[in-house]
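Structure first, then comments.
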Amino acid sequence: MSTSANTTNWKGSCHCGAVQFEVRTAIEPAGHCNCSLCRRKGALMSPPFEGPELTILAGEDALTLYQFNTRVAKHYFCRHCGIYPFHQTRRDPARWRVNLGCLAGVDVYALEASVADGASLSLVEDA
């Protein structure tokens with residue numbers, strides 16, 4: 001897979017700073033997902049990127065994992081402040097997405113975003 005011309009290295013963290021990471025990703029096209037979890041957490045996510053592009057710099061022990069429905073996607077949250085910094089995707093488990101609100105210097109309110117149909121991937125209703 002080729003690297004996008006707008007791919008950049010970003011520093012990121014959860015709200016309390018316990019989880020700190022670096023990621024190489026584009027920030028556009030940004031996206032929301034309509035699955036039951038994403039609708040509730042309301043995060044604006046990066047385009048998918050390969051797993052090795054994400055490096056946890058600090059706080060791996062502060063991360064907690066949440067899985068539901070097919071239990072393929074892995075959603076990570078800081079166990080201290082509850083913020084979701086990133087997840088491994090359900091559609092392609094080799095790919096990840098980062099919560100753009102966790103990246104230093106990114107104005108999520110200035111980005112246009114599409115909506116992915118994650119709800120259609122669910123095995124049970126409203127998942």
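The values are calculated or read from the model by the stated rules, or taken from the named source; none is laboratory data. All values derive from a computational prediction rather than experimental measurement. So basically every Cβ, Gly included, is an ideal-geometry build from the backbone, and we count neighbours across all protein chains shown.
Restricting attention to region 40-59, and to residues there that are assigned to a helix (DSSP H, G or I) and in contact (Cβ under 8 Å) with a residue 40 or more places away in the chain, which single residue is farthest from W10 (Cα to Cα)?
Restricting to residues being assigned to a helix (DSSP H, G or I) and in contact (Cβ under 8 Å) with a residue 40 or more places away in the chain, the top hit is K41.
Go through region 21-44 and count every residue that is more than 18 Å from L103 (Cα to Cα) and exposed (fewer than 12 other Cβ atoms within 10 Å of the Cβ).
1
For region 96-127, name all the residues that are modelled with pLDDT under 90, assigned to a loop (DSSP other than H, G, I, E, B) and surrounded by 14 or more Cβ atoms within 10 Å (Cβ to Cβ).
S122, A127
Which one is modelled with the lowest pLDDT among residues in region 53-81 that are of a type in the set (D, E, K, R) and closer than 15 Å to P93 by Cβ?
So the residue we want is R71.
Just one of P93, P47 is under 18 Å from V23 (Cα atoms), surrounded by 15 or more Cβ atoms within 10 Å (Cβ to Cβ) and under 14 Å from the mean Cα position of the chain (by Cα); which is it?
P47
From the residues in region 8-20 that are surrounded by fewer than 17 Cβ atoms within 10 Å (Cβ to Cβ), on the phi < 0 side of the Ramachandran plot and in a loop (DSSP other than H, G, I, E, B), which one is nearest to the chain's Cα centre (by Cα)?
H15
Taking region 50-77, which residues are of a type in the set (A, V, I, L, M, F, W, C) and under 13 Å from the mean Cα position of the chain (by Cα)?
Result: L54, L65, A73, F77.
Suppose we filter region 21-39 for residues that are within 11 Å of N9 (Cβ to Cβ) and either charged (D, E, K, R) or not in a strand (DSSP E or B) (or both); how many remain?
The qualifying residues number 2.
Identify the residue in region 12-52 that is acidic (D, E) and more than 16 Å from K74 (Cα to Cα) and, among all such residues, is modelled with the lowest pLDDT.
E28
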